[in-house]
Amino acid sequence: MSEDDERIIIGRGTWIDKLASEMVEREKQLGRDTSLLKVESGLGASGIPHIGSLGDAVRAFGVKLALEDMGYKSELIAYSDDLDGLRKIPEGLPSWLEEHIGKPVSLIPDPFGTHESYGMHMSSILLDGLDKLGIKYKFQRARDTYQQGLLKNQIHTILTNSERIGRQIEEMVGQEKYQKFLPYYPVCAKCSRLYTAQSYEYDSDRMVVKYRCVDTEIGSRMLKGCGHEGEADITKDLGKLAWKVEFAARWHAFDIRFEAYGKDIMDSVKVNDWVSDEILKHPHPHHVKYEMFLDKGGKKISKSAGNVVTSQKWFRYGTPKSMLLLLYKRISGARELGFEDIPALMDEYNELEDIYFGKIKLDNEAKLVKSKGIYEYVNLLNPPKAAPTHVNFRLLIELCRIYKDDRTSKVIKKMVEYGAIKNPEPHIEELITLAGNYADDFEEQETGEIQIDDSVKTALRKLVDILSADNEPEDLQNTIYNIAKENNVAPKDFFMALYKIILGATRGPKIGPFITDIGPKKVAQTISKHI
């Protein structure tokens, strides 16, 4: 690629624009109608939805926005797989759910007693997160989809080609079971379980499958079948296609042109692409593979494990914009994620806003365009006309640690004293509430490793000695300034080092009074960890 090619900026300069552009180009090459370009996101309903589940829909919505920005009409379908069977009980949920293992989650009672089923409760958590983020979608339930026969033609075509599909699945991914039975699971009419009801014959004239309910291995456990033998009508009875073919049926039925996927279902996507292209004669959608979010221990964040980072918990500590920034910054690369990432994302959003409104200058044109583009997508392509007053979120957290009673008024008073704000504003009060929640719920965090040169370290050691003493200097601000000068360190570099150590930022309030408010000895301990 030439340097000129590398400088070509697509749309607003983000990965979202590039993806939408590639998708449109592919549609043109396929010669398909582009009057409505539908994108899809699958919503898992078998466990507590985490940010990874939410991210799939948020990113698909970003592609929808980019397509509309290019002049195309687009729609996001949020498909809830509420016919999926419950494989294990998510941590923290009642043990009585054990009797419902293997049943579709839309047939299991809601353990919280607030929705018609377990599946709708889990879906509602995810939809609530999307609503709070401002994501617009068309909600489609699997249960309705199958009961209304919306996939009946696709199911019929797939079942009449089941032998060919079974051979192809073995050839592509080494899985032999679909040569033994059909890639369709009825819900057993007697025990209501899904995976134990193995369909072995399809009557194409009557559009019914014959099945028997047998012992089946689910994950690492054996699930007992009830022995019932029966028939299920694919046009109206409850049942679902196996994952290896269901995506293809949905893509065809709903005319989906884009769907992202996680690397954990790569094999299923590979097979579904083939089924869509070769069996249903519907070119598979444009894809992008995204990496998974990991917890801070490097493990995959799981709906069934106890390491779930939900949008509801996130919004206790951070704004919807901070989450959108997390999801729109990039799509590739596995990322460790925890609530401790929120302060950095809150301040990073402010920095992007300053770039967008020209308060921070960038010399690199491509980086400037991309930064502005990400900011626009985080604001769902409807950015504000002017930037609100910014406050350093880590500064608010530190002040909230100091002031617990009458917190909002005291923190605002202190911010005015620091010159960080001129007057109280509603959005600052909201930020103080978030910062207060964070300060109350989390221990103080150490800032990451900071590069400090030797002359600055020498000056910091002198400051630590003074801050550790019982008698505090009358004018700490002036003392800090003099320590810098005496050690041939530019005061601004010394102050910046202190801001990085205390706040993880390059600037902040007047440093002397701020250290006095936090507590000199406490700050001395924090500085000591970096020198």
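Read the figures in this text as sums done on the coordinates, not as results from a lab. Keep in mind the model is a prediction, meaning the values are calculated, not measured. Backbone-built Cβ (ideal geometry, glycine too); neighbour counts: all protein chains shown.
Structure above, values below:
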read-out: Volume of the Cα convex hull of region 10-130, divided per residue and given in Å³; value: 124
read-out: By average C-beta atoms within 10 angstrom, highest first, the peptides 188-198, 385-395, 59-69; value: 59-69, 188-198, 385-395
read-out: Label corresponding to volume of the Cα convex hull per residue in Å³ when calculated from the structure given, among (1) 227; (2) 145; (3) 188; value: (3)
read-out: Antiparallel bridges, percent of DSSP beta bridges restricted to the chain (to nearest 5); value: 50
read-out: Residue-averaged 222 nm ellipticity for the chain, from DSSP H runs of 4+ at -39500 (n - 2.57), nearest 500; value: -14000 deg cm²/dmol
read-out: Amide H within-cut-off set for E336, under 5 Å, with H built and near neighbours excluded; value: L294
read-out: Long-range HN-HN contacts of L83 with modeled amide H, under 5 Å; value: A142, R143
read-out: 24 Å Cα-Cα threshold exceeded, pairs from K410/K457; K138/K177; K132/K385; K367/K529; K313/K500; value: K410/K457; K138/K177; K367/K529; K313/K500
read-out: Which of S199, S455 has the fewest Cβ neighbours within 10 Å, and the rest in rising order; value: S455, S199
